[in-house]
């Protein structure tokens, strides 16, 4: 699996995939959809552009079909220190899920980070997403006991449908 760094022209497509993967409901929805937890859009082209501009050392990586160029997955990689990187926006086109593609994308991202000298990966996951937390645990990530507040009132990430949300922090050594 080859990952390429996103450019500005990719951001609309990235936002569309993230919204389908994180917020769609019904037939064809992602197994890890946030339906019933958060409503509205997951991200926008403008929000992605702001994130990229605000964090120039971060890398929004894309996985595309080699033949057609179709966007199949994304992952956000952001350095927190020389050794520790944050991983977010791990997204796989819903029709390709349950085929090991998410595992492959995660492994490709971790490989990319190792090449950059990283030895640890951290991420945050909504506390109520037990299935997703378990998925990451099966890939070697562990809960750190840390938590981060959910940004209630910040509509850039959608509208929360619950009042008990926060993020759990997960971490894995990759060196």
What about residue 51, is it in contact (Cβ under 8 Å) with a residue 60 or more places away in the chain, touching a strand residue (DSSP E or B) at 6+ places or on another chain (Cβ under 9 Å) and either outside any loop (DSSP other than H, G, I, E, B) or on the phi > 0 side of the Ramachandran plot (or both)? no
Yes or no: residue 56 more than 18 Å from residue 13 (Cβ to Cβ) and surrounded by fewer than 16 Cβ atoms within 10 Å (Cβ to Cβ)? yes
So for the stretch 66-80 (the condition being surrounded by 15 or more Cβ atoms within 10 Å (Cβ to Cβ), more than 13 Å from the chain's Cα centre (by Cα), modelled with pLDDT of 95 or more and closer than 17 Å to residue 124 by Cβ), does at least one residue qualify? yes
Would you point out which residue out of 137, 110 is surrounded by 13 or more Cβ atoms within 10 Å (Cβ to Cβ), modelled with pLDDT of 95 or more and either more than 16 Å from the chain's Cα centre (by Cα) or closer than 21 Å to residue 1 by Cα (or both)? 110
Please verify whether the stretch 5-18 includes one or more residues that are in a strand (DSSP E or B) and modelled with pLDDT of 95 or more. yes
Mind counting the residues in the stretch 140-175 that are assigned to a helix (DSSP H, G or I) and loosely packed, with under 12 Cβ neighbours inside 10 Å? 1
Going through the stretch 98-131 one residue at a time, which ones are closer than 18 Å to residue 72 by Cα, in a loop (DSSP other than H, G, I, E, B) and in contact (Cβ under 8 Å) with a residue 12 or more places away in the chain? 98
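The values are calculated or read from the model by the stated rules, or taken from the named source; none is laboratory data. Predicted model, so just to flag it, every value in this text is computed and none were measured. In this analysis, Cβ positions are derived from the backbone assuming ideal geometry, glycine residues included, and neighbour counts consider all displayed protein chains.
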